[in-house]
Every structure is written in structure tokens, then in C-alpha cells.
Amino acid sequence: MTVTDAKSTVPPALSADVMTLAGELAAERSKPEWRKFSLELNDEQKEIQAWAHEFAASVIRPAASEWDEKEATPWPVIQEAAKIGLYGLDANINLFIDPSGLLMPLVQEELFWGDAGIGMSLMGTGLASSAIFSNGTPEQWSEWLPRCYGTLDDVKVAAFCSSEPGAGSDVSAIRTRATYDEKTDEWVINGQKAWATNGGIADIHVVVASVDPTLGSKGQVAFVVPKSEVKGLEMGTKLKKHGLRASHTADVFFDNVRIPGKNVLGGKEKLDARLAKAREGGSSRGNASMATFEMTRHIVGAQAVGIARAAYEFALDYAKGREQFGRPIIDNQGIAFKLADMAMEIDAARLLVWRAAFMSAALMRGEQPDYRNGEGSMAKLKAGEVAVKVTEEAIQILGGNGYTREYPVERMHRDSKIYTIFEGTSEIQRLVISRAISGMRLR
């Protein structure tokens, strides 16, 4: 074939057939189902995001250092949040009822941008209320969810008690026992819980206990234990923590604590049926701890993104204003490249959080959740590790100033570390993801 012949076989760049095809495709794909993917927030989401940001900037940030030093629950801030509708059952419902799943992560990011310790004091109750919602009956929702938050005149917090001194990541090792007393239709709970947010200062405690140790995690169930109505529930040592100091964390002891039979979440009939199936070797619904954690992992990721963003923004402003050798330190590639990486990693983490949030809201859209590769764990894992790295780099950019308590990045770094530990360590998240992508029961 000659060069001339070869050239003659090349089709024109814009033939009539191509233009026709392009027109047909453009018409077909202008339909609504082709416009589903969007990272654009709607007007209401933007408004709620701005509302939360304003509260974080005007109320939380000015109080952050004080309550971190006090290592005490910031009740005045919680009360202010309740007054404007950012804390309480109505607030939780407002943020959860969203087919996109984004409202809760949006608000969490802003509050934790304000301060993580105070943010956890505001949001720690959500873990207990999520446990009630995910494991309870509609009647139990009505009875217990309002009591988790109290009223405007008497604000309350609630506690979710799962971890134990010998059972952290390994929830199957839970030793707290619940025994049913048929004569009185009561459950009797004995054991110790560790690392309980709001443990002991809450009225409503949601407690995961074993009713049949031979079944491992399948023999566990969650109970509602109202402190004001029982005897034998005592707060142990309040922990002095590395970070999140404004959030109360303590051990909780249960010594022959008696609660009504109806306080088992989901009801006793459902529990008996599940236990019978497990004893026969059949599959049963996941244990109470894991059901709760699965609902909250992307939300925890959003909190970590908020911490990381706060540290990045502070470091960026500092680098623009701090001069060394006659020029701002951001003029140095060593600093500028750090900030570029920080910005990129925060955006990547947020996108994973938003994806998991959208997937978690599938039921609200009339769909079935389709987690295939541990997407919730991906979001929490990435965001937690980004928060630790970004806050550390922020300290490095500030140099000696970053290491002092005169600047907030030191506090942010302390707060960030727990996000690679609680609600599933980074190692556990990698295990969840690897099991999901391999289909194997890796250990």
C-alpha cells in the first residue's frame, strides 16, 4: 500500500455519521438518570452546613482551649447547641432524614473543625441513640430516644457501653453477662465496661452484654439501662486522656443491676428466635456492637476530616504570614508541598466519607445498601490516618510554636490520634476491607 493509499483510508474527523451518533447520544443521555452523580450540595444542605460552621466558629472555638484544660464536659456549650437545635433528638432526626446521607457528615465536619473534644461531647450521645435505633423496636424508639437527650430545660447525654478491659477490637470477648430472671421478668446484668463516652454521667446507658457465652458474638444483645431507675450501676475511674479531653470517658460497673425484661433491644421474642437459630448453626443477624459501628463509621470519618481541615487551614494561614529570611515560609517548596499534600489528602478522605454516606442512605431512597469492598471502613480508615498525618505536618510547619499550647495545632494533633484507634483500629479496618475484597475469613 502506498502512502497516498494509506492517507485515503483515514476517515474524516467529523463525518456525518459521527455527528448523528453524537446527537442521538446527547439526546438519550439528557434524561434524569444520567444526571445522578453530583458533588454539588443543594441549598438546604449548604444552609445547614453554614449554620453548623457559624456555631463552631462563634461558640465552640472560643471555648475549646478552656474545656481542654479543664478536662470536663462543656455543659454550657451543649445547652447552647440544644437551644438553637443543633443538639437533641429533633436535631438527630433532621440530620439523618436525608436521601443523600450527607447532612450528618457535613455537620460533624464543621463541629469537629471547631473542636474535637467539644464536638464529641455534642455527638457522643449519637452512638447510644444509633444503637437504640438500629437494634430496637418502634415502641422502644419512642420510649428511650427522647430520654437520651433530655429537654431544653434539662439537657442530658447518653452512653454506649461495649468495650471492656479485655474486649476492645475483639467484641466476641465481651464478658459482661445478662441473665434472665423468669420469676420477675427482669434481666440481671453484671460486668465492667471501659472507654464509655459519657459513662456514669449519663442517665441512659446502652449496654452490650452476653446472654449465651457459648455462642460468642452471636450470643450478645444490647440493653437499655436507665441509671436513675436502677441500683448497682456505678461510674469507675474517669480517664485522663491524651486528646478529646472535653469529652467525658470512664469505666462503668454493673453489680446485679436489674432492669425490666422489655429493656432488651428488639424484644425478648426476637432475641429467643435469634439465639435458637444460632444454636442450630444457622446464620443470624450481626451482633449489637457491630450493627452500631457499621452505621457510624463514615460519620466518625467526617469528624476526622474536620480536625484535619482545621489544622490545615491554620497551618496555611501561618505559612502565609510567617516570614523567615525575608520572605513568607510558604515561598519554600518544602512548606508549600506539605500544604499541597495536606489539601489533597483531606479532599480524598472527604470523598470517601461522602461515598460511604451516600451508600448508607440507600434505604431512604428505596434501595438496598450495596457495601461490597468495606467502603465504610475505607472512609473511616483513610480519614483517621489523614487526620493524624495532617495535624503532625501542621505542627512541623509551625515549628517550635506548633509544639506549644499557645497554638491550637498541638491540641488538634492530640485529638486526632484516637481516630486510628476507636470504633475499630486502623488494623481492624484493613481486616474488614481485606475480607470484603477477598471473600475470605482472614485473621
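The values are calculated or read from the model by the stated rules, or taken from the named source; none is laboratory data. Predicted model only: the values in this text are computed from it and were never measured. Positions of Cβ are generated from backbone atoms using ideal geometry, with glycine treated the same way; all protein chains shown enter the neighbour counts. When the accessible area is computed, the model is the full protein with side chains, heavy atoms only, and any ligands, DNA or RNA have been set aside. Shrake-Rupley method; radii C 1.70, N 1.55, O 1.52, S 1.80 Å.
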Reachable lysines, given that their alpha-carbon falls under 19 Å from the alpha-carbon of Lys389 and they are not under 8 places away in the same chain: Lys338, Lys380, Lys417
Charge dipole magnitude, Cβ of K and R +1, D and E -1 - the chain, Cα centre, debye nearest 20: 1140 debye
Trypsin sites (Lys or Arg not before Pro), restricted to region 188-237: which are DSSP loop and have at most 11 other Cβ atoms within 10 Å? Lys231
Taking the chain as a Gaussian network, where each spring joins two C-alpha atoms under 10 Å apart, which residue of Ile174, Ile48, Ile93 fluctuates the most? Ile93
Calculated FRET efficiency for the pair Asn332/Lys31, C-beta based, R₀ 51 Å, to 0.05: 0.50
GNM, the chain, Cα, under 10 Å: largest mean-square fluctuation among Ala81, Ala72, Ala27? Ala27
Starting from the Kirkwood radius over alpha-carbon pairs of region 308-437, derive D by Stokes-Einstein at 4 °C in a medium of 1.567 mPa s and give it in µm² s⁻¹. 81 µm²/s
Out of the chymotrypsin sites (Phe, Trp or Tyr not before Pro) in region 111-169, which ones are loop residues according to DSSP with at most 10 other C-beta atoms within 10 Å? none
Picking from Leu239, Leu111, Leu89, which is most flexible by a Gaussian network model of the chain using Cα springs under 10 Å? Leu239
Averaged per residue, what accessible area in Å² does the chain show with a 1.4 Å probe, protein chains only? 50 Å²
Which value in nm describes the separation of the simple spin-label points at Met344 and Leu363, placed 7 Å from the Cα toward the beta carbon? 3.9 nm
In whole angstrom, how far apart do the alpha carbon centroids of region 52-129 and region 189-229 sit? 25 Å
Say the dipole of the chain comes from +1 at the beta carbon of Lys and Arg and -1 at that of Asp and Glu; which of Ser38, Ser163, Trp113 then lies farthest toward its positive end? Ser163
30 Å Cα-Cα threshold exceeded, pairs from Lys193/Lys270; Lys70/Lys262; Lys156/Lys241; Lys70/Lys156; Lys83/Lys268: Lys70/Lys262; Lys83/Lys268
In region 200-271, the chymotrypsin sites (Phe, Trp or Tyr not before Pro) that fall in loop regions by DSSP, at most 12 other Cβ within 10 Å: none
What FRET efficiency would be calculated for the residue pair Asp154, Ile421, taking the C-beta separation as r and a Förster radius of 41 Å, to the nearest 0.05? 0.80
Where a ≥ b ≥ c are the square roots of the eigenvalues of the C-alpha gyration tensor, would you call region 147-216 rounded, which needs a/c under 1.5, or, failing that, prolate if a/b is larger than b/c, or oblate? oblate
Rounded to a whole number, what % of the accessible area of the chain do carbon and sulfur atoms account for, probe 1.4 Å? 55 percent
